[in-house]
1. Lys and Arg at +1, Asp and Glu at -1: add these up for the other residues within a Cβ distance under 10 Å of Tyr112 and post the number.
2. As I understand it, the dipole of segment 33-151 uses +1 on the Cβ of Lys and Arg and -1 on the Cβ of Asp and Glu, about the Cα centre. Which of Pro86, Gly104, His76 lies farthest toward its positive end?
3. If you place +1 on the Cβ of every Lys and Arg and -1 on the Cβ of every Asp and Glu, how big does the dipole about the Cα centre of segment 33-151 come out, in debye to the nearest 20?
4. Looking at the square roots a ≥ b ≥ c of the eigenvalues of the Cα gyration tensor of segment 33-151, which shape do they give, rounded for a/c under 1.5, prolate if a/b is larger than b/c, or oblate?
5. Taking the Cα centre of segment 93-152 as the origin, how large is its charge dipole in debye, to the nearest 20, when only Lys and Arg (+1) and Asp and Glu (-1) carry charge on their Cβ atoms?
6. Could you please report the charge total around Asn62, scoring K, R as +1 and D, E as -1 over all other residues with beta-carbon less than 11 angstrom from its beta-carbon?
7. Segment 104-134 to segment 25-97: how many Å between their Cα centroids?
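Any read-out appearing in this document is the output of simple, stated calculations on the displayed coordinates, not a laboratory observation. Here the structure is a predicted model, which is why all the values come from computation and not from measurement. Backbone-built Cβ (ideal geometry, glycine too); neighbour counts: all protein chains shown.
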Amino acid sequence: MRLSRAAAGVLGTAAVALPLIAAPAQATAAPAVQVAKVYYDSPGVDRRSNSSLNGEYVVIKNVTRTTRKIGGWIVHDETGYKYRFPAGTVIKGGESITIRTGSGRSGTSTHYWGRKQYVWNNDADTATLRSNTGKLLDSCSHDSTRRDYVIC
Ligand SMILES: [Ca+2]
Ligand SMILES: [Ca+2]
């Protein structure tokens, strides 16, 4: 009788201790707007023609179901070359904007950086997305010449 009481006491202590176990760390929410793809090695020989420059691009995707305002947001490479989304730019839920490196007429789903040089290094680079206040939202790196693009 005395032994079983002692055992019950031990079990009771253990039972009380259980809720004190730390809860698992909260999972970090996926960014609402993400770097979805970087096509860093444009098709064919890189001759720096405008069509070749435009064969190089980065895709920014809104993975939520609601429209996001991204005016003033920035995409940049490791060197620090920046593309800034014009004021008033929005991405509807589930949709994306492709930013092509060369020149062209920007529309709802395609923007043009307007560069005369490539921006995404073929060997290794990182595409980083920041808000209009400079807050880091997402990034995507590649370090291989075995493929021409990376799906983030
Ligand atoms: Ca490139
Ligand atoms: Ca190429």
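1. Summing Lys and Arg as +1 and Asp and Glu as -1 gives +3.
2. The residue sitting farthest along the positive end of the dipole is Pro86.
3. 580
4. On the way: a/c = 1.72, a/b = 1.45, b/c = 1.19.
Prolate shape, in that a/c is at least 1.5 and a/b is the bigger ratio.
5. Working: 8 positive and 6 negative charges, 54 e Å.
So the dipole magnitude of segment 93-152 works out to roughly 260 debye.
6. +4
7. First find each Cα centre; the distance between them is then 6 Å.
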